[in-house]
């Protein structure tokens, strides 16, 4: 799921009511190196950030930086919604932000390593113009400067 | 959309998708549709094997010669992985009224929460309001007074945070403390049952209902927005 036919009616309507841009093609680049040599960054739209950071406000299109060295205990989520079950992330951060799983993959040399920083945006955005025109490109440039070769995007 | 922006800057992306219908339209460069509920992008909490299968399937898409690529995780959700109907305060009756002392109750919850921290390497979602956890009985007292017309001010509130945002984040923090203490006491409890317990049986839930009512009675859109957030 949420296969939409398995969602409660109210949730299905809320999801289908979100504006979605229709694209015919996609930008596409092949990773320059084998995955086992690539540095991977996480980019999440789950409203996560360090506890010391200012929480996201609903609809905010900015981002927060989560350095790779951040302990899981310092990561919080300011996106709360009845649209998703919070008990999952309370029990295990990796269900949305798989930082420990990526560390394991780096240890097993499946990926080259973790990029120095990960990035987080707020979820459930209706207006994404600033994200598309400013904060998104800003994060893309930062990822490049960080030496990230692959970005894994996770929703909530 | 974000994946497309990042890819356009020369970084290969792979995305986990929870809504296939949206992903089909948006066409990110590479996406793995997973059959899990919202809040469960990697499958299930504390199931590293499943999380690794999801990760591997998402990373495997990087080998595709051309795109966009939309693949499906080659396994289905299990029964019990359904997204439950949303539960907010207004949907939960308070059987016979809840008359407990919210401040005393919060002190008990803090004792349980200390054990949650000890059992979880210090992991907690608490910490949006900037007020330390040991001051939350005082925060609850302030919220009670706010609901009855008080100013809602707590010493130590960050100077640049407006009152309605502060109240929203303090309410979120209070809910986090109760949610996590409930998970400690009932490890297999569902999110729906935690919400029903909080809004239906705890004194703190009743305080937040009254806080919501005061915020919602305001004409100020920022207060109304905070009311919406507090009561769910």
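Quick one: compute the contact order of the range A:33-154, relative version, from alpha carbon pairs under 8 angstrom and 6+ residues apart, as a percent. Display every interim value, and only then the final one.
Numbers: 201 pairs, mean separation 59.1, N = 122.
RCO, the range A:33-154: 48 percent.
With springs only between Cα atoms under 10 Å apart, run a GNM on chain A and tell me which of A:18, A:125, A:105 wobbles the most.
For chain A, modelled as a Gaussian network with Cα springs under 10 Å, the answer is A:18.
Counting other C-beta atoms within 10 Å, which of B:228, A:56, B:198 has the fewest, and how do the rest follow?
Working: B:228 15, A:56 23, B:198 20.
Sorted ascending by nearby Cβ count, the order is B:228, B:198, A:56.
Any chance you could give the angle, 0 to 90 degrees and rounded to 10, that helix A:136-146 forms with the longest Cα principal axis of chain A?
The angle comes out near 20 degrees.
Just tell me how shielded A:146-153 is by partners: mean number of partner chain Cβ atoms within 10 Å of each residue's Cβ, no decimals. Please report the intermediate quantities before stating the final value.
Working: counts 1, 0, 3, 4, 6, 10, 11, 13.
If you average over the peptide's residues, the count of other-chain Cβ atoms is 6.
When chain B is modelled as a GNM with alpha-carbon springs shorter than 10 Å, which of B:69, B:139, B:87 fluctuates the most?
B:69
Regarding the range B:2-72, what are the three Cα extents along the principal axes, ordered largest first, in Å?
So the extents along the principal axes, rounded to whole Å, are 34, 23, 18.
Could you tell me the ratio Rg/Rh of the range B:86-232? Both radii from Cα atoms, Rh via Kirkwood.
Details: Rg = 14.6 Å, Rh = 15.4 Å.
Looking at the range B:86-232, the ratio lands at 0.94.
How much of the DSSP beta bridge set in the range A:42-144 is antiparallel, as a percent to the nearest 5? Intermediate results must be reported in sequence, preceding the final value.
Numbers: 8 of 10 bridges.
In the range A:42-144, approximately 80 percent of DSSP beta bridges are antiparallel ones.
For chain A, what does the helix formula give at 222 nm: sum of -39500 (n - 2.57) over DSSP H segments with n ≥ 4, over the residue count, nearest 500 deg cm²/dmol? Let's see the in-between values first.
On the way: 4 runs with 33 residues, N = 156.
Taken over chain A, the calculation gives -6000 deg cm²/dmol.
If you build a Gaussian network model of chain B, linking Cα atoms that sit under 10 Å apart, which residue out of B:34, B:98, B:133 swings the most?
Sorting by GNM fluctuation, first place goes to B:34.
If you bin the C-alpha pair distances of the protein assembly as shown every 10 Å from 0, what whole percents do you get?
5, 24, 33, 24, 12, 3, 0
Given 25 °C and 0.890 mPa s, how large is the Stokes-Einstein diffusion coefficient of the range A:67-156 in µm²/s, with Rh as the Kirkwood radius over Cα pairs? Intermediate results must be reported in sequence, preceding the final value.
Working: Rh = 14.8 Å.
The estimated diffusion coefficient comes to 166 µm²/s.
Over 29 Å, how big is the tail of the calculated P(r) for chain A, in percent of all Cα pairs?
Numbers: 2658 of 12090 pairs.
Beyond 29 Å sits 22 percent of the P(r) for chain A.
As a test, work out the antiparallel percent of DSSP beta bridges whose residues both lie in the protein assembly as shown, rounded to the nearest 5. Provide the component values of the computation, followed by the final result.
Numbers: 8 of 28 bridges.
Restricted to the protein assembly as shown, the bridges split so that about 30 percent are antiparallel.
Fewest first, what order do A:144, A:50, B:157 take by the number of other Cβ atoms within 10 Å? Kindly include the intermediate steps, with their values, before the conclusion.
Details: A:144 14, A:50 17, B:157 21.
If I rank by nearby Cβ atoms, fewest first, I get A:144, A:50, B:157.
To the nearest 10 degrees, how steeply does helix B:191-201 sit against the main Cα axis of chain B, on a 0 to 90 scale?
So the helix axis and the longest Cα principal axis differ by about 10 degrees.
By how many degrees, 0 to 90 and rounded to 10, does the Cα axis of helix B:102-119 deviate from the longest principal axis of chain B?
Once rounded, one gets 40 degrees.
None of the figures in this text is laboratory data; all of them are computed from the coordinates on show. Note that the structure is predicted; figures quoted are calculated from it, not measured. Don't worry about glycine lacking a Cβ; one is built from the backbone with ideal geometry, like all the others, and counts go over all protein chains shown.
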